[in-house]
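**Q** First the structure, which I've put down as structure tokens, then a few questions once you've had a look.
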Amino acid sequence: MNFRNLVCCLIGVLIFPQIYSQEVDDKKKSNTNTNKFRQLYQEFSSPNIYRAASGAPGPSYYQQQADYKINVELDDKNKMIYGDETITYTNNSPQKLDYLWVQLDQNVRKKDSPSLDRDSESVIPYYIPDSFDKEFLKDSFDGGFNIEYVHDINNKPLEHIINQTMMRVNLPKPLSTGEQFSFKIKWWYNINDHVKQDGRSGYETFPNDTNRAYIIAQFFPRMCVYNEVEGWQNQQFWGDGEFALPFGNYEVNITVPADHILEATGELQNRKEVYSKEMMKRFNKAKRSYDKPVVIVNQQEAMDAEKSFSNEKKTWKFLANNVRDFAFATSRKYILDMMAVKIGNDDVMAVSIYPREGNPLWEDYSTITVVEALKSFSKYTFDYPYHKAVSVHAHQIGMEYPMICFNFGRPNIDGSYSDDEKFGMIGVIIHEIGHNFFPMIVNSDERQWAWMDEGLTTFVQYLAEQEFGEKYPEIIAPLDKFPSDRGPAQLITDYMSVDQNFLAPIMSNPENVYYLGPNAYGKPAAALNILRETVMGKELFDYAFKTYSQRWMFKHPTPEDFFRSMEDASAVDLDWFWRGWFYTTDYVDIGLKEVNQYFVSPEPGEEMLKMMEEQGIPRNRLRPLIFFEKYENDKSNLKDKSALENSKLLGNYLNENYSKEEIDQIDIPKYFYEVIFDKPGGLVMPIIIDIKYEDGEIVRKKYPAQVWRKNDNEVRKILTSNKKITEIVLDPDKETADIDERNNSWPKKEDQTDFDKFKSNVKG
């Protein structure tokens, strides 16, 4: 036994009997297992042939496929979309299917949509004009799909029924395993003004030139996901929960005014038909430019096009293989630039498309941000597999689709902009480009688990933002780091401090939470950052995270697949972490309750004497012991002497068991501290402290979260030293999301935080 263990055992003599101090008859009723470290067997579904216990796809994993041939035309004058499509659905499941479910997400905008009346309303004392307009100046807009027909491949009508945002198509005969069924849908709808009417897509009108910029998504009826987890994922689209979609191959023809510039999901098939010769020349140059963007359509050319309002049409043809969705953006106002980036062994085109109102922000920062986002996300997951990634300027919108995303960020009319606007734009581009990885490739169910795409993306966004700042210090100057607004633990403490009545676990449907942003974006991102930085370490975390990402590329993972993969690839038991952070609304509050200082005493101290009296032990019956006494009880100036000076027994023991040379090598402590930690908050976390000594030295000590496994309320630890400890600071780098820093220091520091305004609410 080494000396430190000996000391621990001896001090334990003072503590151990306390456990048994209550009367034998004072028994409590039995309880179920509420230990914070119990496994998640009750919460998790059993592993099966489809999903393995390791978190990997099982040997019989399957997924459906939906292939599309779409013809769509944008009517700029009337702000309408016309389209027809042929869907070929492949049933890879072991079940026969009697019907298919199709999503009609535009129906959320029908005048009679239940989604318009789903929220409580009240009059507030004031409104800004924009809010008053949206709330009270109702227009006659009527959105939603108008389905002209649903036919089989032979143009025979198919029986179907529409339920809000879902349409069931009844099959003429059951679709067996391995069989395909093709059917056709024709539709049209009125395009919404996404500035005035909100939404994830639509148009923006520019009053100065009366042109519109269109960002078009959810524009065609789309297949629902069918899997072994819940059958058809046909939950209604209410607005907050996003989309669950199968993979497939797309052939899409998009007809727009001839003077429009367009980008979309997929590879453009007729570039020479829709690009001018000069545009082709610039495009070929961009394919070889790895250091800076090449402008394909410049600002002057875009401004000239703003005046044309062509009556001619042009069709842009795209092919996209193995994608889960399709979107496009089109306008005669668009400026277009591109540059190449090497991802793995492949060249990827980073693309930006934006009106002149986006400059100078967009020409300066958009495309290089796309480049850095692709590099960072590929680093932590897998090499980006598509041939391009497009960033589209959109007012007040951040939204993602395969290969293309819509992003906000607009300077003032005079071209000036704040740092907040700049960093906000860079951040949203990184985030939305990152969504190519989650959920466009690692294809989680956004309708049910918003955090699986938003939280994971926000976490990697934080890493990417910090790497962006390192790559471009001149852009973030005079700051030392990119000012990320999500990711670090301390940025989630305010949210975790609010009234419990307004909190929901991360494992909640996005339609049913009070604060979707913190719940689905901020808290999971902070949790994963804590896992990486504090609990697991970067090396273990990064390997496990990449393992999960690569296991589920182009597949449909569940939360359990993520949780299991992270543990499987790291050998770190994380059930306690998932349970606390994802399944509850508990918060972190760990405090330094008390610090007691002891010294080695030649005689029994006050605590020992009291113990002897309580247990009827006479002095002469005591075996030879090394005694401890509290500092404040010293009456003989013994506390400043060494342990050897105060205990002959200790000296004799060492002389009998060690050589003189060995004794000279033993670091015999002089000062002994019992540190008592309490946990007013519900979450168990590692205990991290900085210990400051009288000579100014600071030593960091970290105890694993498992230190709480046998006492969820209080933990005691012993610190020994040959020099006095002057200060102990808990969570010195604010890496555990501790909501109350007032109890994080010894000696206690007053007025440390503004926690008081939350304290009364958090316990509610």
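The values are calculated or read from the model by the stated rules, or taken from the named source; none is laboratory data. This is a predicted model, so every value here is computed, not measured. Positions of Cβ are backbone-derived with ideal geometry, glycine not excepted, and every protein chain shown enters the neighbour counts.
**Q** Please go through (1) over 19 Å from His260 (Cβ atoms); (2) outside any helix (DSSP H, G or I); (3) out of contact with any Gly (no Cβ under 8 Å at 6 or more places or on another chain) for Val392 and return the number of the only condition it doesn't satisfy.
**A** Just one mismatch for Val392, condition (1).
**Q** Suppose we keep only residues that are free of Cβ contacts under 8 Å to residues at least 60 places away in the same chain and more than 29 Å from the chain's Cα centre (by Cα) within the stretch 340-363. Which one would you say is nearest to Phe318 (Cα to Cα)?
**A** Applying the filter and picking the extreme gives Arg356.
**Q** If you go through the stretch 416-461 one residue at a time, how many are of a type in the set (Phe, Trp, Tyr) and within 25 Å of Asp105 (Cα to Cα)?
**A** Just the residues of the stretch 416-461 that are of a type in the set (Phe, Trp, Tyr), to begin with: 417, 423, 437-438, 449, 451, 459.
Then keep just the ones that are within 25 Å of Asp105 (Cα to Cα); that gives 437-438, 449, 451.
Here the count works out to 4.
Here is a yes/no grid of residues against (1) within 30 Å of Lys723 (Cα to Cα); (2) in contact with a strand residue (DSSP E or B) (Cβ under 9 Å, 6 or more places away or on another chain):
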position: Glu511; (1), (2): no, no
position: Leu516; (1), (2): no, no
position: Ala544; (1), (2): no, no
position: Met553; (1), (2): no, yes
position: Met566; (1), (2): no, no
position: Trp581; (1), (2): no, no
position: Glu606; (1), (2): yes, yes
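**Q** For Val460, indicate whether it is closer than 20 Å to Val370 by Cα, under 19 Å from the mean Cα position of the chain (by Cα) and surrounded by fewer than 24 Cβ atoms within 10 Å (Cβ to Cβ).
**A** Working: closer than 20 Å to Val370 by Cα: yes; under 19 Å from the mean Cα position of the chain (by Cα): yes; surrounded by fewer than 24 Cβ atoms within 10 Å (Cβ to Cβ): no.
When the stated conditions are applied, Val460 does not pass them.
**Q** Could I ask something else about it? Restricted to the stretch 300-330, and to residues that are charged (D, E, K, R) and part of a strand (DSSP E or B), which residue is surrounded by the fewest Cβ atoms within 10 Å (Cβ to Cβ)? Show your work before the answer.
**A** At the first step, the residues of the stretch 300-330 found to be charged (D, E, K, R) are 301, 304, 306-307, 312-314, 317, 324-325.
Subset that is part of a strand (DSSP E or B): 313-314, 317.
Details: Lys313: 12, Lys314: 17, Lys317: 18.
Taking the candidates together, the pick is Lys313.
**Q** Lys641 passes all but one of (1) within 30 Å of Ser497 (Cα to Cα); (2) in contact (Cβ under 8 Å) with a residue 12 or more places away in the chain; (3) of a type in the set (Lys, Arg); which number fails?
**A** (1)
**Q** If you don't mind, another one. State whether one or more residues within the stretch 335-356 are of a type in the set (Ser, Thr, Tyr), crowded, with 24+ Cβ neighbours inside 10 Å and at pLDDT 95 or above. Outline the logic, then answer.
**A** Within the stretch 335-356, the first condition is being of a type in the set (Ser, Thr, Tyr), and the residues that meet it are 352, 354.
If we keep only those that are crowded, with 24+ Cβ neighbours inside 10 Å too, we end up with 352, 354.
In the following step, the residues that additionally are at pLDDT 95 or above were identified as 352, 354.
So far as the stretch 335-356 goes, yes, one or more of its residues are of a type in the set (Ser, Thr, Tyr), crowded, with 24+ Cβ neighbours inside 10 Å and at pLDDT 95 or above.
**Q** Can you name the condition, by its number, that Asp133 falls short on among (1) in a helix (DSSP H, G or I); (2) over 27 Å from Asp75 (Cα atoms); (3) not basic (Lys, Arg)?
**A** (2)
**Q** Next question, about the same structure. For residues that are more than 14 Å from Phe326 (Cα to Cα), touching a helix residue (DSSP H, G or I) at 6+ places or on another chain (Cβ under 8 Å) and modelled with pLDDT of 95 or more, tally how many sit in the stretch 380-397.
**A** 7
**Q** Looking at this structure, is Lys292 assigned to a strand (DSSP E or B) and among the basic types (Lys, Arg)?
**A** Values: assigned to a strand (DSSP E or B): no; among the basic types (Lys, Arg): yes.
Spelling it out, it is not the case that Lys292 is assigned to a strand (DSSP E or B) and among the basic types (Lys, Arg).
**Q** Go through the stretch 680-705 and give me each residue that's more than 30 Å from Asp575 (Cβ to Cβ), part of a strand (DSSP E or B) and not hydrophobic (A, V, I, L, M, F, W, C).
**A** To start, the set of residues in the stretch 680-705 that are more than 30 Å from Asp575 (Cβ to Cβ) comprises 691-699.
Restricting the remaining residues to those that are part of a strand (DSSP E or B) gives 691-693, 698-699.
Scanning the stretch 680-705 gives Lys692, Tyr693.
**Q** So, in the stretch 463-489, exactly how many residues are touching a residue at least 60 places away in the same chain (Cβ under 8 Å) and more than 12 Å from Gly427 (Cβ to Cβ)?
**A** From the stretch 463-489, those touching a residue at least 60 places away in the same chain (Cβ under 8 Å) are 463-464, 467-468, 471-472, 475, 483, 488-489; that's our starting set.
Now restrict to residues that are more than 12 Å from Gly427 (Cβ to Cβ): 463, 467, 471-472, 475, 488-489.
Qualifying residue count for the region: 7.
**Q** Can you tell me which of Val229, Val225, Val274, Val297 is surrounded by 21 or more Cβ atoms within 10 Å (Cβ to Cβ) and among the hydrophobic types (A, V, I, L, M, F, W, C)? If you could, list the steps in order and put the result at the bottom.
**A** Values: Val229 fails: surrounded by 21 or more Cβ atoms within 10 Å (Cβ to Cβ); Val274 fails: surrounded by 21 or more Cβ atoms within 10 Å (Cβ to Cβ); Val297 fails: surrounded by 21 or more Cβ atoms within 10 Å (Cβ to Cβ).
Just a single option satisfies the conditions, and that option is Val225.
**Q** So is Ile530 surrounded by fewer than 22 Cβ atoms within 10 Å (Cβ to Cβ), assigned to a helix (DSSP H, G or I) and out of contact with any Cys (no Cβ under 9 Å at 6 or more places or on another chain) or not?
**A** Numbers: surrounded by fewer than 22 Cβ atoms within 10 Å (Cβ to Cβ): no; assigned to a helix (DSSP H, G or I): yes; out of contact with any Cys (no Cβ under 9 Å at 6 or more places or on another chain): yes.
It is false that Ile530 is surrounded by fewer than 22 Cβ atoms within 10 Å (Cβ to Cβ), assigned to a helix (DSSP H, G or I) and out of contact with any Cys (no Cβ under 9 Å at 6 or more places or on another chain).
**Q** Restricting the search to the stretch 690-738, which residues are without any contact (Cβ under 8 Å) to a residue 40 or more places away in the chain and basic (Lys, Arg)?
**A** At the first step, the residues of the stretch 690-738 found to be without any contact (Cβ under 8 Å) to a residue 40 or more places away in the chain are 691-704, 707, 710-711, 713, 715, 726-727.
Hits for the stretch 690-738 are Lys692, Arg700, Lys701, Lys702, Lys710.
**Q** Could you list, in sequence order, all residues of the stretch 143-201 that are under 16 Å from Thr86 (Cβ atoms) and either of a type in the set (Phe, Trp, Tyr) or not assigned by TED's automatic domain parsing to the domain that holds Lys77 (or both)?
**A** Tyr149, Phe181, Phe183, Trp187
**Q** Moving on. Name the single residue that is surrounded by the most Cβ atoms within 10 Å (Cβ to Cβ) among those in the stretch 596-624 being out of contact with any Ser or Thr (no Cβ under 9 Å at 6 or more places or on another chain), among the hydrophobic types (A, V, I, L, M, F, W, C) and not in a helix (DSSP H, G or I).
**A** Phe599
**Q** Would you pick out the residues in the stretch 246-284 that are of a type in the set (Ser, Thr, Tyr) and either over 30 Å from Gln103 (Cβ atoms) or not assigned by TED's automatic domain parsing to the domain that holds Arg212 (or both)? Write out each step before concluding.
**A** From the stretch 246-284, those of a type in the set (Ser, Thr, Tyr) are 250, 255, 265, 275-276; that's our starting set.
The answer is Tyr275, Ser276.
**Q** Looking only at the stretch 731-746, which residues are part of a helix (DSSP H, G or I) and surrounded by 19 or more Cβ atoms within 10 Å (Cβ to Cβ)? Don't jump to the end; show me each part of the working.
**A** Residues of the stretch 731-746 part of a helix (DSSP H, G or I): 741-743.
Those that are part of a helix (DSSP H, G or I) and surrounded by 19 or more Cβ atoms within 10 Å (Cβ to Cβ): Glu741, Asn743.
**Q** Taking the stretch 370-403 on its own, how many of its residues are closer than 23 Å to Gly517 by Cβ and in contact with a strand residue (DSSP E or B) (Cβ under 7 Å, 6 or more places away or on another chain)?
**A** Qualifying residue count for the region: 8.
**Q** Right, next: Among (1) part of a helix (DSSP H, G or I); (2) more than 27 Å from Gln448 (Cα to Cα); (3) without any contact (Cβ under 8 Å) to a residue 12 or more places away in the chain, which single condition is Gly517 missing?
**A** Unmet for Gly517, out of (1) part of a helix (DSSP H, G or I); (2) more than 27 Å from Gln448 (Cα to Cα); (3) without any contact (Cβ under 8 Å) to a residue 12 or more places away in the chain: (2).
**Q** Oh, and also: Out of the stretch 664-677, which residues are assigned to a strand (DSSP E or B) and surrounded by fewer than 16 Cβ atoms within 10 Å (Cβ to Cβ)? Full working, then the answer.
**A** In the first step, residues of the stretch 664-677 are kept if they are assigned to a strand (DSSP E or B); the result is 671-677.
Once the filter is applied, which keeps residues that are assigned to a strand (DSSP E or B) and surrounded by fewer than 16 Cβ atoms within 10 Å (Cβ to Cβ), the stretch 664-677 yields only Ile676.
**Q** Hey, another quick one. Please count how many residues of the stretch 304-323 are closer than 17 Å to Asp75 by Cα and aromatic (Phe, Trp, Tyr).
**A** 2
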